[in-house]
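Report on one structure; see the data block that follows.
The values are calculated or read from the model by the stated rules, or taken from the named source; none is laboratory data. Quantities reported herein were computed from a predicted structural model and do not represent experimental measurements. Here Cβ is always computed from backbone atoms with ideal geometry, including for glycine, and neighbour counts include all displayed protein chains. Ligands, DNA and RNA are excluded from the accessible area calculation, which covers all protein heavy atoms including side chains. Shrake-Rupley method; radii C 1.70, N 1.55, O 1.52, S 1.80 Å.
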Amino acid sequence: MKGFRALYRLQFRAGMDFDRAAALAPYLAKLGVSHLYASPLFQARSRSTHGYDVTDHGRIDESLGGMDGFLRLSAALRQAGLGLVLDIVPNHMAASPENPWWRDVLRHGRHSRFAGHFDIDWQAPKLLLPILGQTFASALAAREFTLGRDPDGLSWRYFDHSVPIDPRTWALVLSPEEIALPASDPAAMPETFAAWAADAGNAERLDAALEAASENTALLQDLHAAQPWRLAYWRAARDASTYRRFFELSDLVGVRVEEPGVFDDVHRLLFELLEDGHVQGLRIDHIDGLADPAWYLSRLAAEAPGSPPIWVEKILGPDEILPADWRVCGTTGYDFVHSVAALMIDPAAETVIGRAYDSFIGIAADPVAMLREAKRRMLTWNLAAELDGVTELAVSAAREDSRACDWGRDTLRRAVVALATAMPVYRSYLRGTEAPSLEDAARLARVGQDAAGEAELEDPAAVGDLLRLILTAPSPAAVRLRLRFQQTTGALMAKAMEDTLFYRYGRLLAANEVGGDPALLGMTEKVFFEALSRRAAGQPQAVNATATHDTKRGEDARLRIAAIADAPEAWRAAVDAWEAMLQPGEPEPEMRWHFYQALLGAWDPDDAALADRLVAYMIKAAREAKVRTSWTHINSSYEGVLRGFVRRALGEGSAFPADFARRAEPFLAAGARKSLVQLALKLTLPGIPDIYQGTEWADLSLVDPDNRRPVDFAARIAALETSSASGQSFNDRKLLLMRQLLGLRRELPELFAGGGWTRLEPISVAGARLFGFLRSHGSTAIAVLCELSFTDRVKGYRPAFALPQHRRAFRITRAVAGESVQYDGTTLAPVELFARWPV
């Protein structure tokens, strides 16, 4: 881990390629980071905006500059003294003919040499391809299908889709007497087809035959029936998928990276890049999707050249820790995002905020019950195919068990739903026939007790038998059941919590963040210290993130909303005034409460696109909530109401924007101070800080794709050249503090890499919320003193922090932020009540 001081996350694509990134290397070095932290760089689907839809692990993405461009980037980073941390995606790939492995599977079905690379149910009669806009029969009648040819053979065309046709069925279209196809076995025919079709005579006869066949619906129907795949209406994916999807996305297919040969194929080029010194660290995307994360991480750590540090994208639940057998440095930081945001929310305000929210929406909302309902609905509807697969495995495992064999399919299905719904975390980590860990055994025992009380169960005893099968049964069917059950509960929690409850329950949106729980509002300073101490003990080199490409709102937008907890009565009064001004009958109160908070987070009167951004955000929020509209059942009328509400509120001639700016000012000011504290904590607490692209300045973004907009790096480079303590704007202050603290990390690497930390007890706080700590290594220490709440009720106090006995004999050499600090031998006291700086 030597040399890893700070990461700078860069989203490639959407205008960011290798040469643009290479040009940024001097700026990043001057800013003070040690490593560029790149989104996936392997070949992805055409027009990919993110790179997580990989099509070829053996190529660097050509749209970014290919291998030559990557090598130029690597050289530029090396010249600037920077390393590279690479985001890799072992769980899934694009289910696209652009993917050569998937294309071969489409061409040859179960006979493909890559049939075992993907998590496909080959017991199903056909590989389902849910890509049609209507049923197959309707599309056939509408003559939406044609036949064509690609360089490797015949293909079935449907608008911009081109699906390979099995060579063993080409003769249904092309009469051997009329057209002599390349003489070869079916497996080799695609390789000889290009040369054969290059003959002008062959090509002319072939194209004429394909054109004629495209007009013959009976022939098309027979040809379709002979393929290893079946085209289907896109809605069929919900309950008929024949392969493991990434969440509910049918255009991403699960990879069986737990198979040794597949592991080798996925990582071959990556290991070459590590061996050649182009990559120094790895981020593992969606570790919970893998069948056996511990096996994968163990092999990766053992075989990756240079033993690079490894971080995993893992969402930890309350009181959950990383499994002890994972050979990683820690998580990518969602637990840090949540903890810091919770610290910035005054927990004493929970009751007042809760009452204001409940009275506004007209019901006493219960987020715990809402999450249960969201999980049940998600599993039985959106993830019905996954539920069916787990149920089938449960039936097979039960048949092999004398104590469970009496349970029928419906009873076991209900038991699966009850257990999955009761899981309080994303998943357990049971492995093959090994005994469960103490943590998993205890957690699943509680889950079983909770699930047995489910009202929809035919017989609660079935839950106990199913849980025993999942936990300890040694049969092959039970092993397959436990692995797939765990992969399913992870997807279920993500979809029900992050992509449903976060948009249904909007009490305080600052709490609705990846890694958090809307039911838990705020965190005391003591609990925060204890949580970060546990994290530092188990993950001393975990990533400290405050914004990512997947967070629900920008790091500064989030803390503006958190500031509502400093003055909840004033916020409710402001909302009442806005309601009286706008007099909206629609949309429903929940969405209006949501809108006012989202607007507070994103508010920028100089942003000409603000209304458009809020419209897009509110439509996405409503679709994710799945109450009045959704991605699969769009309610155009309701969405028109949402658009109209936002446009009227923010449109030209409306009095609302000026009034909003006036009433929101105290929250904007408090949010800005909280943001500076958040930045200081990220850069000084144990862990490796991660700076998301562009967040050197105010990050007022909303959920993706808003948080992936291009960054004006030219302006930031110019600002870095001129930044000084005299800057008065928030952007100036944030950039200055970031640069100073990154400089401190460079100056004191041992302290930040391995130094301990001790909480400083605040004294004479008079109702204020303060947090302070020491980081120390040898004879060097830094003190970080923070103000957390900004309300009228705490004015006039004298903040001070008591020093521990063993740290009272030292001298202060400088203050990085703030004017000065008084030291009397036992206490530290910021002068002038944190007048200019809250840290």
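Kindly indicate whether any position in the range 5-12 is over 22 Å from F247 (Cβ atoms), of a type in the set (K, R), out of contact with any strand residue (DSSP E or B) (no Cβ under 7 Å at 6 or more places or on another chain) and in contact (Cβ under 8 Å) with a residue 24 or more places away in the chain.
yes
If only one of S112, S96, S162 is among the hydroxyl-bearing types (S, T, Y) and farther than 30 Å from L274 by Cβ, which one is it? Give the steps one after another, and end with the answer.
Values: S112 fails: farther than 30 Å from L274 by Cβ; S96 fails: farther than 30 Å from L274 by Cβ.
S162 is the lone residue from the list that is among the hydroxyl-bearing types (S, T, Y) and farther than 30 Å from L274 by Cβ.
Considering only the range 412-433, state which residues are β-branched (V, I, T) and either open to solvent by 20 Å² or more (accessible area, probe 1.4 Å) or on the phi > 0 side of the Ramachandran plot (or both). Lay out the reasoning, then the answer.
Filtering the range 412-433 for residues β-branched (V, I, T) gives 416-417, 421, 425, 433.
Result: T433, single match.
Against the definition (touching a Leu at 6+ places or on another chain (Cβ under 6 Å), modelled with pLDDT under 95 and either in a strand (DSSP E or B) or over 26 Å from P26 (Cα atoms) (or both)), how does P689 come out, yes or no? Show your work before the answer.
On the way: touching a Leu at 6+ places or on another chain (Cβ under 6 Å): yes; modelled with pLDDT under 95: no; either in a strand (DSSP E or B) or over 26 Å from P26 (Cα atoms) (or both): yes.
Taking the combined requirement at face value, the residue does not satisfy it.
Show the residue pairs that are 6+ apart or on different chains and have beta-carbon atoms under 9 Å apart, the first residue being within the range 409-429 and free of Cβ contacts under 8 Å to residues at least 24 places away in the same chain, the second being among the small types (G, A, S).
Correct list of pairs: R409/A394.
List the residue pairs whose Cβ atoms are under 7 Å apart, where the first residue sits in the range 272-284 and is within 13 Å of A75 (Cβ to Cβ), the second is part of a strand (DSSP E or B) and open to solvent by 30 Å² or more (accessible area, probe 1.4 Å), and the two are 6 or more positions apart or on different chains.
none
Identify, by number, the condition in (1) open to solvent by 20 Å² or more (accessible area, probe 1.4 Å); (2) within 16 Å of R107 (Cβ to Cβ) that F159 doesn't meet.
(2)
Going through the range 537-572 one residue at a time, which ones are closer than 18 Å to G354 by Cα and surrounded by fewer than 21 Cβ atoms within 10 Å (Cβ to Cβ)?
E569, A570, R572
With the structure loaded, tell me whether P347 is touching a residue at least 60 places away in the same chain (Cβ under 8 Å), open to solvent by 10 Å² or more (accessible area, probe 1.4 Å) and touching a Leu at 6+ places or on another chain (Cβ under 8 Å) or whether it fails that test.
It is true that P347 is touching a residue at least 60 places away in the same chain (Cβ under 8 Å), open to solvent by 10 Å² or more (accessible area, probe 1.4 Å) and touching a Leu at 6+ places or on another chain (Cβ under 8 Å).
In the range 435-464, which residues are under 27 Å from F247 (Cα atoms) and of a type in the set (D, E)?
E439, D440, D450, E454, E456
Considering only residues that are modelled with pLDDT of 80 or more and exposed (fewer than 14 other Cβ atoms within 10 Å of the Cβ), which ones fall in the range 787-804?
Once the filter is applied, which keeps residues that are modelled with pLDDT of 80 or more and exposed (fewer than 14 other Cβ atoms within 10 Å of the Cβ), the range 787-804 yields only P804.
Y357 - would you say it is surrounded by 17 or more Cβ atoms within 10 Å (Cβ to Cβ), modelled with pLDDT of 95 or more, touching a Gly at 6+ places or on another chain (Cβ under 6 Å) and of a type outside the set (D, E)?
Values: surrounded by 17 or more Cβ atoms within 10 Å (Cβ to Cβ): yes; modelled with pLDDT of 95 or more: yes; touching a Gly at 6+ places or on another chain (Cβ under 6 Å): no; of a type outside the set (D, E): yes.
No: the conditions fail for Y357.
Within the range 601-613, track down each residue that is in contact (Cβ under 8 Å) with a residue 60 or more places away in the chain and either more than 26 Å from K674 (Cβ to Cβ) or not acidic (D, E) (or both).
G601, A602, W603, R613
Residues checked against (1) part of a loop (DSSP other than H, G, I, E, B); (2) in contact with an Asp or Glu (Cβ under 6 Å, 6 or more places away or on another chain):
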position: A404; (1), (2): yes, yes
position: L412; (1), (2): no, no
position: V416; (1), (2): no, no
position: P424; (1), (2): yes, no
position: S428; (1), (2): yes, yes
position: G432; (1), (2): yes, no
position: A441; (1), (2): no, no
position: L444; (1), (2): no, no
position: D450; (1), (2): no, no
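Residue check, R746 against (1) surrounded by fewer than 16 Cβ atoms within 10 Å (Cβ to Cβ); (2) in a strand (DSSP E or B), all met but one. Which one?
Result: R746 fails condition (2) only.
On the given criteria, is L774 among the aliphatic types (A, V, I, L, M), farther than 28 Å from A570 by Cα, modelled with pLDDT of 80 or more and open to solvent by less than 60 Å² (accessible area, probe 1.4 Å)?
Details: among the aliphatic types (A, V, I, L, M): yes; farther than 28 Å from A570 by Cα: yes; modelled with pLDDT of 80 or more: yes; open to solvent by less than 60 Å² (accessible area, probe 1.4 Å): yes.
Criteria met by L774.
If you take the residues in the range 252-271 that are in a loop (DSSP other than H, G, I, E, B) and in contact (Cβ under 8 Å) with a residue 60 or more places away in the chain, which one is least open to solvent (accessible area, probe 1.4 Å)?
Filtering the range 252-271 for residues in a loop (DSSP other than H, G, I, E, B) gives 256-259.
Next cut, in contact (Cβ under 8 Å) with a residue 60 or more places away in the chain only: 256-257, 259.
Details: R256: 74, V257: 2, E259: 69 Å².
Among them, the one singled out is V257.
Restricting attention to the range 283-330, and to residues there that are under 27 Å from A531 (Cα atoms) and of a type in the set (F, W, Y), which single residue is surrounded by the fewest Cβ atoms within 10 Å (Cβ to Cβ)?
W326
Output yes when any residue across the range 482-493 is under 30 Å from A621 (Cβ atoms), of a type in the set (V, I, T) and touching a helix residue (DSSP H, G or I) at 6+ places or on another chain (Cβ under 6 Å), and no when none is.
Scanning the range 482-493, I find at least one residue that is under 30 Å from A621 (Cβ atoms), of a type in the set (V, I, T) and touching a helix residue (DSSP H, G or I) at 6+ places or on another chain (Cβ under 6 Å), so the answer is yes.
Starting from residues that are more than 30 Å from the chain's Cα centre (by Cα) and of a type in the set (S, T, Y), keep the ones in the range 434-487 and report whichever is most open to solvent (accessible area, probe 1.4 Å).
Applying the filter and picking the extreme gives T472.
Considering only residues that are part of a helix (DSSP H, G or I), open to solvent by 30 Å² or more (accessible area, probe 1.4 Å) and among the acidic types (D, E), which ones fall in the range 622-673?
Across the range 622-673, the qualifying residue is only E665.
Given the options R110, R45, R72, name the one that is open to solvent by 10 Å² or more (accessible area, probe 1.4 Å) and either without any contact (Cβ under 8 Å) to a residue 12 or more places away in the chain or closer than 23 Å to G306 by Cα (or both).
Within the list R110, R45, R72, the selection yields R72.
Yes/no matrix, rows are residues, columns are (1) of a type outside the set (V, I, T); (2) surrounded by 23 or more Cβ atoms within 10 Å (Cβ to Cβ); (3) assigned to a helix (DSSP H, G or I); (4) in contact (Cβ under 8 Å) with a residue 60 or more places away in the chain:
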site	(1), (2), (3), (4)
A494	yes, no, yes, yes
T500	no, yes, yes, yes
Y503	yes, yes, yes, yes
D517	yes, no, no, yes
L520	yes, no, no, yes
M523	yes, no, no, yes
F528	yes, no, yes, yes
R535	yes, yes, yes, yes
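Can you pull out every residue in the range 273-287 that is closer than 18 Å to V54 by Cα and not in a loop (DSSP other than H, G, I, E, B)? Even if it seems obvious, please write down each step before you answer.
Let us first name the residues in the range 273-287 that are closer than 18 Å to V54 by Cα, namely 273, 282-287.
Of everything in the range 273-287, those that are closer than 18 Å to V54 by Cα and not in a loop (DSSP other than H, G, I, E, B) turn out to be L273, L282, R283, I284, I287.
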